[in-house]
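Enquirer: Below is the structure I would like to discuss, written out as structure tokens.
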Amino acid sequence: MAETTGRVVGAFTASHSPGITAWPERAEPAKREAVESAFTEVQKRIDALAPDAIIAVSVEHFTNFHLGNLPAFAVATSDSYLGPVTKEMGEFLNVTQRQYPGHSVLGRHVYEFALQADFDPALVEGGLEFDENFCVPFKHLDPESKYPLVPIIVNGVNPPWPTVSRCHDFGRMIRRAVEAQTEAQRVVVVGTGGLSHWVGLPESGKVNEEFDREFIDRFENADENRLLSYTAEEIDAAGNGAHEIRTWLVAAGAVQVPFDVLAYEPVPEWLTGTAVAAARL
């Protein structure tokens, strides 16, 4: 009997502001409840999907890369990942430092498939360490670290960035890669980052609610013409951290269906327009 090939069975996106776990009490109670309830709902949905692996897409905040080596895309292929990178960061984020399990076989397959699909991601065979990018959302989404991860990094922190359409195409490639292997039959894609926020700038603490709600409208309707029309300058209006929406576009490309935004709250106390969404699969 032929082996069953893999498929993407779910896709989710979420913000990863440190405030979500480090100082949740600073948010207005109703906003905190809305966001945490949405995270709980996504955790339940992931558990119901029972994935063999999660492809986790995020940026990274110069924890592993730096201005002298900043790839547009990177695929990690280890059996485990340390996060947060230091115990001190763990105390700051209120996340216990641990080894997150990795799915090295799927990671290697995605990397090699990407090369054949005319993408040229960096290969990270060992030593990729997590910061808030994965540690914050996965404290809610997989608190026991049950699911092996394939971490994928997208440059959303410093120009020049990959275009929004290239990020969407990268997500489409991920789906084809999953469907071209048999090691992980049920795969979930999770994109983390955004929405509007400013990092290390005087505007830090501002939220561009107009930008966020417009992005959500395009995202929920899977309106690719509008979703992929963003210029770097338009995203800049929502802060340098808003470029992390590229991770949402990778997740969208992996499923190409509308999403339901389960919560959106402008939370200046968390320094971020904070949202959680789920694909309508």
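Enquirer: Under a 1.4 Å probe, what is the accessible area of the chain per residue, stated in Å²? Present the calculation step by step, with values, prior to reporting the outcome.
Expert: Details: 11330 Å² over 281 residues.
For the chain, the per-residue accessible area is 40 Å².
Enquirer: Moving to a separate point now. For the chain, take N as its residue count and report Rg(C-alpha) divided by 2.2 N^0.38 Å.
Expert: Against the compact-globule rule of thumb, the ratio is 0.91.
Enquirer: What net charge is computed for the residues neighbouring Val42, neighbours being all others with C-beta under 12 Å from the C-beta of Val42, Lys and Arg scored +1, Asp and Glu -1?
Expert: Taking every other residue near Val42 into account, the sum is -3.
Enquirer: Out of the range 98-168, which GluC sites (Glu not before Pro) are coil in DSSP terms and have no more than 12 other C-beta atoms within 10 Å?
Expert: Sites meeting the loop and neighbour criteria: Glu144.
Enquirer: Using a 1.4 angstrom probe on heavy atoms only, work out the carbon and sulfur share of the accessible area of the chain in %.
Expert: Roughly 47 percent of what the probe reaches on the chain is carbon or sulfur.
Enquirer: Nearest-5 percent of antiparallel DSSP beta bridges in the chain?
Expert: Details: 19 of 41 bridges.
Antiparallel: roughly 45 percent of the beta bridges in the chain.
Enquirer: Among 235-242, 273-280, 79-86, how do they line up by average Cβ neighbours within 10 Å per residue, starting with the highest?
Expert: 273-280, 235-242, 79-86
Enquirer: Once whole DSSP H runs in the chain are found, which of them have Cα atoms spread over 27 Å or more along the helix axis and a mean Kyte-Doolittle score of at least -1.0?
Expert: Membrane-span-like by this criterion, though nothing is claimed about a membrane: 29-49.
Enquirer: Using the Cβ atoms and a cut-off under 14 Å, what net charge is assigned to the surroundings of Ala30, where Lys and Arg are +1 and Asp and Glu are -1? List each step's numbers first, then the result.
Expert: Working: positive: Arg26, Lys31, Arg32; negative: Glu25, Glu28, Glu33, Glu36, Glu265, Glu269.
Within the 14 Å Cβ shell, the charges total -3.
Enquirer: Among all lysine pairs in the chain that are eight or more places apart or on different chains, how many have alpha carbons less than 23 angstrom apart?
Expert: 7
Enquirer: Also: Taking the dipole about the Cα centre of the range 7-269, with the C-beta of Lys and Arg at +1 and of Asp and Glu at -1, give me whichever of Phe170, Pro51, Ala263 is farthest to the positive side.
Expert: Going by the Cα projections, it comes out as Pro51.
Enquirer: Follow-up. In nanometres, what is the gap between the two model label sites at Thr86 and Val199, each 7 Å from Cα along Cα-to-Cβ?
Expert: With each label point 7 Å from Cα toward Cβ, the separation is 1.7 nm.
Enquirer: What whole number of Å gives the distance from the Cα centroid of the range 86-152 to the Cα centroid of the range 213-256?
Expert: Rounded to whole Å, the Cα centres lie 23 Å apart.
Enquirer: State the antiparallel share, in %, of DSSP beta bridges confined to the range 1-133, rounding to the nearest 5.
Expert: 55 percent
The values are calculated or read from the model by the stated rules, or taken from the named source; none is laboratory data. Just so we're clear, the structure is a prediction, and the values are computed from it rather than from any experiment. Glycine also receives a Cβ, built like all others from the backbone with ideal geometry; neighbour counts cover every protein chain displayed. Heavy atoms of the whole protein, side chains included, go into the accessibility calculation; ligands, DNA and RNA do not. Shrake-Rupley method; radii C 1.70, N 1.55, O 1.52, S 1.80 Å.
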